[in-house]
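**Student:** Dropping a structure here in structure tokens format, bear with me for questions.
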Amino acid sequence: MPSLSVFGAQWGDEGKGKLIDLLARDAEYVVRYQGGANAGHTVVVGGEKYILHLVPSGILHPGKVNVVGNGVAVDPLKLLEEIDGLRARGVAVSGANLRLSASAHVIFEHHKLLDQLAERWRGEGRIGTTGRGIGPAYADKAARIGLRVCDLLEPGHCRTRLKAALAEKNALIQKVHGERAIDLEGQLDRYTSLAERLRPFVGDTGAEVRAAFRAKKRILFEGAQGAMLDLDAGTYPFVTSSNTGASGIPAGAQVPPRMVERVIGIAKAYCTRVGEGPFPSELKNATGDRIREQGHEYGSTTGRPRRCGWFDVVAARFALELSGADGLIVTNLDVLSGFPELQAAVEYELDGRRFSTWPAHLAHFDRVQARYTTFPGWSQDITGVRRFEDLPREARAYVEWLEREVSVPIVMLSVGPERDQVIPRGFQPL
Ligand code: IMP
């Protein structure tokens with residue numbers, strides 16, 4: 001089957017960057033379909049660390065076509081910064097290996113400012129966004145006042161649309177938030193010159209990907225964020241503003257749903273979350289701190305310490321079901337070495353009621369308590385293990401138990417940040 005889709009099955013930061021980089025070896029196209037520079041995909045190659053925000057993780061393999069689809073909210077400044085950074089490190093980036101959808105919506109200065117101002121306005125109820133303008137840009141898309149990459153490429157048109165958008169946004173910025181208005185001429189100068197630098201990458205990427213599929217090219221769809229941050233299915237309102245799972249692909253890459261063939265979820269062997277919102281298996285204690293330190297759990301986009309906790313079976317099962325996952329890749333198993341015992345959340349409890357399936361309708365998700373199963377830990381360093389049978393008995397038992405609980409085969413394990421630090425378990429390459 002020529003297409004494979006990989007998505008985060010938790011709250012983001014599951015290690016997708018490394019896995020997508022690894023799987024990109026067998027792909028000819030790597031396609032992003034949602035999110036924006038709120039994502040931070042960390043890839044380590046030969047000891048060199050790359051953090052990719054907008055450029056698909058296939059860029060580090062020569063000869064792949066990397067597509068930023070129409071469903072991505074594109075900050076031209078960040079995209080060009082990333083392209084320049086990659087080139088400075090010797091990575092070839094051109095219109096041949098990086099394609100940008102002409103219909104992708106553009107993130108402007110006012111989106112980033114309003115993202116931050118809205119958070120300030122929300123006070124205690126803040127979402128903890130990345131401040132990258134994601135929510136305001138998608139809101140403008142839905143409100144039909146956004147500008148797309150194709151609008152940016154036509155200066156006259158860009159002026160008319162940006163003028164109309166700024167008239168409304170500046171009223172909000174000044175009158176509600178008491179901040180200084182954004183200058184239209186300054187923005188036009190800046191963004192139209194950025195647009196010229198983007199021009200070589202721009203095209204009808206939907207048509208390009210559909211043609212690639214017809215030509216039986218191998219296509220990897222790269223999800224950003226995670227299932228529990230999905231706008232529709234996640235822990236609303238503490239979510240991001242796009243559809244993060246496989247359901248986001250058809251609209252965000254402009255391909256028919258049947259092009260989404262095999263689907264693989266990625267989850268850490270424990271859980272993390274950045275930003276506010278419900279996290280039933282969170283550990284606000286020394287064990288959580290230890291996971292954070294052993295796992296270097298600090299945001300790759302914002303540097304914020306990640307909230308840490310045990311694996312959540314209820315949430316993972318829901319995430320995998322929602323995207324119709326055929327398999328699961330479990331990452332960061334090595335981070336759990338040295339814990340005398342491990343736990344995993346198997347049920348939720350709220351006001352005396354128990355839930356073993358995701359209680360999507362709950363308004364009071366923040367008060368949910370997780371109930372756990374406990375396992376013996378292992379002390380050995382497993383970062384050098386490459387075969388499942390060479391793992392400590394306790395680690396094998398934990399993985400086999402997880403597999404039974406989520407009812408999806410665990411097709412690969414990751415035991416370190418480098419490309420080769422994986423344990424295959426029946427994963428079929430593209
Ligand atoms: P936004 O996407 O910047 O609007 O942020 C909304 C929520 O999603 C916040 O809780 C962010 O911390 C979270 N978020 C956004 N992108 C990522 C990511 O790539 N990894 C983890 N969390 C993310």
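Just so it is clear, none of the values below were taken in a lab; they were calculated from the coordinates. All values derive from a computational prediction rather than experimental measurement. For neighbour counting, all protein chains shown are included, and Cβ atoms are generated from backbone atoms with ideal geometry for every residue, glycine included.
**Student:** For q = 0.17, 0.18 Å⁻¹, what log10 I(q)/I(0) does the stretch 227-333 give under the Debye formula with an equal point scatterer on each alpha carbon and no solvent?
**Tutor:** Cα-only, vacuum Debye calculation for the stretch 227-333: -0.87, -0.96.
**Student:** Given the options Ser337, Ser193, Ser414, which has the most mean-square fluctuation in a GNM of the chain, springs set between C-alpha atoms less than 10 angstrom apart?
**Tutor:** Ser193
**Student:** D for the stretch 105-198, whole µm²/s, Stokes-Einstein with Kirkwood Rh over alpha-carbon pairs at 10 °C and 1.306 mPa s: what number?
**Tutor:** The estimated diffusion coefficient comes to 116 µm²/s.
**Student:** Another question, if that's okay. How many nm separate the modelled label positions at Glu321 and Ala363, each set 7 Å beyond the Cα in the direction of the Cβ?
**Tutor:** Using points 7 Å along Cα→Cβ, the separation is 2.4 nm.
**Student:** May I pose another question? Grab the alpha carbons of the stretch 193-280, take their convex hull, and tell me the volume per residue in Å³.
**Tutor:** 150
**Student:** Springs between alpha-carbon atoms under 10 Å, Gaussian network over the chain: tell me which of Ala171, Ala24, Ala344 tops the mean-square fluctuations.
**Tutor:** Result: Ala171 has the largest fluctuation of those listed.
**Student:** State the dimensionless ratio Rg/Rh of the chain (Rg: radius of gyration of Cα atoms; Rh: Kirkwood radius).
**Tutor:** 0.97
**Student:** Okay, moving on. Which residue, Gly131, Gly178, Gly206, has the most motion in a Gaussian network model of the chain that connects Cα atoms within less than 10 Å?
**Tutor:** For the chain, modelled as a Gaussian network with Cα springs under 10 Å, the answer is Gly178.
**Student:** Moving on. For the stretch 267-424, what size does the Cα cloud have along each of its three principal axes, sorted from largest down, in whole Å?
**Tutor:** The Cα atoms of the stretch 267-424 stretch 44, 33, 29 Å along the principal axes, largest first.
**Student:** OK, next. Antiparallel as a % of all DSSP beta bridges within the chain, to the nearest 5?
**Tutor:** Counting only bridges with both partners in the chain, antiparallel ones make up about 40 percent.
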